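Inspection log for the structure reproduced underneath, given as structure tokens.
The values are calculated or read from the model by the stated rules, or taken from the named source; none is laboratory data. Small disclaimer: the values here were computed from a predicted structure and weren't measured. All Cβ positions, glycine included, derive from the backbone under ideal geometry; neighbour counts span all protein chains shown.
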Amino acid sequence: MDPEVTSLAQSAGTTLVTLMAADAWHRTRDGLVQLWRHVQPERAETVAAELEVTREDVLAATAADDHEALDELRAQWQGLVRRLLVARPPARDELRRLLDELDPGGSAARQITQHATASGQGRVYQAGRDQHITER
């Protein structure tokens, strides 16, 4: 498996599912359907319908705080996008442009999971980005 394709598909699946529950949904859907129309026109309408169904599932999973369902939806779209990129390699550049347009900082694709345990006098400091600690 091509690691570049896998990484791009993972980023796309995560970004897509994240943006389905955001204000950018319509722009996201339109951009993805346009991508499919360009590289696999025979599948574009099916993909459009799948996006609508997935969005309903994302909204329901988000409301229920069902992280497992959201992970499954991300994996589903990662697979669809990966298969598209394998079948149509020129779509990689178009997908990268679309992801940069939809999520310029890559924040939707960034998923951070942190776990920590402190005992006694121990301290734990965690941050998803910059952290500045001043102790005296």
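Observations
- Given (1) free of Cβ contacts under 8 Å to residues at least 24 places away in the same chain; (2) closer than 13 Å to residue 98 by Cβ, number of the condition residue 35 does not satisfy: (1)
Yes/no per residue for (1) of a type in the set (Val, Ile, Thr); (2) surrounded by 18 or more Cβ atoms within 10 Å (Cβ to Cβ); (3) more than 12 Å from the chain's Cα centre (by Cα):
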| residue | (1), (2), (3) |
| --- | --- |
| 14 | yes, yes, no |
| 35 | no, yes, yes |
| 41 | no, no, yes |
| 55 | no, yes, yes |
| 64 | no, no, yes |
| 70 | no, yes, no |
| 76 | no, no, no |
| 83 | no, no, yes |
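- Matching option when the condition is aliphatic (A, V, I, L, M) and in contact with a helix residue (DSSP H, G or I) (Cβ under 7 Å, 6 or more places away or on another chain), among 19, 59: 19
- Of residues in region 73-132 being more than 23 Å from residue 27 (Cα to Cα), aliphatic (A, V, I, L, M) and in a loop (DSSP other than H, G, I, E, B), the one modelled with the highest pLDDT: 118
- Some residue of region 4-11 being without any contact (Cβ under 8 Å) to a residue 24 or more places away in the chain and within 29 Å of residue 127 (Cα to Cα): yes
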